[in-house]
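J.: Please read through the structure below; I'll follow up with questions.
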Amino acid sequence: MRKGSKHTEEAKLKMSQRRIGKKLDERHRLALANSRKGRHHSDITKRKIGLANAIPIDKELLRMLYLDQGLSIKQVASEMNVSTATIHRNLRLLGTLRSPSEAMQLARPRKSIFYLARKIPDHPRANARGYVKEHVLVWEEAHGKPLPDGWVIHHLNGIKTDNRPENLEAMPNGNHCSGLVNAALRKHILVLESQIRQLKNINHAHADNESI
């Protein structure tokens, strides 16, 4: 090639496609490593790195959100109220970063479901990291018995983090989102309507007392 000449865009595209799937040889790898020698971070970058390193991170919560819940780095950063760079660095230090193929699979459109959980390793329903979904624990505490095998808990108002006992209904897994759910919802609506009537009666009684 003549000195000073440049590759055409077509030639650049062909060369880039020729390298797809090929590993760098030792000479090329060494050349890339030497190209970074002598370069330093700017003061602004150093300050950012220092601030990121100083942020305390709950490692167990990080593992639960990233591994157990399957959230992305951006979603984990939002949940923990830190930057994505901080989450990425801590995941790299823990050795739990997903492979590119796993990240692409999780990036596909899907319904995101986030459940609160508590760490109780000895619980029969604990996952591999010892966490149990909080709504299971609340239901069991309210009813004084373990959740039967093959049963799931439905959140009546549809809010997965609303774990009040009155918002939880247990049912067989095969009937989840079926007629039993509709019956449970109707029952919940009747209770709410009864509470509304009671509040109205109380308000009317107060109004009558004030008018006397």
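J.: Which count do you get for residues in region 167-210 that are touching a His at 6+ places or on another chain (Cβ under 8 Å) and at pLDDT 70 or above?
T.: 5
J.: Is region 129-137 home to any residue that is surrounded by 15 or more Cβ atoms within 10 Å (Cβ to Cβ), among the basic types (Lys, Arg) and at pLDDT 80 or above?
T.: yes
J.: Out of everything in region 138-174 that is surrounded by 12 or more Cβ atoms within 10 Å (Cβ to Cβ) and charged (D, E, K, R), what residue ends up being nearest to Leu65 (Cα to Cα)?
T.: Here the residue is Lys160.
J.: Please determine, by comparing only the residues of region 1-53 that are among the β-branched types (Val, Ile, Thr) and within 30 Å of Ala77 (Cα to Cα), which one is modelled with the lowest pLDDT.
T.: Checked region 1-53; the qualifying residue modelled with the lowest pLDDT is Ile49.
J.: Select from region 54-80 the residues that are of a type in the set (S, T, N, Q) and assigned to a loop (DSSP other than H, G, I, E, B) and write down the one among them that is modelled with the highest pLDDT.
T.: Here the residue is Ser72.
The values are calculated or read from the model by the stated rules, or taken from the named source; none is laboratory data. Keep in mind that what you see is a predicted model, and the values were worked out from it rather than measured. Every residue, glycine as well, gets a Cβ built from its backbone with ideal geometry; the counts of neighbours run over all protein chains shown.
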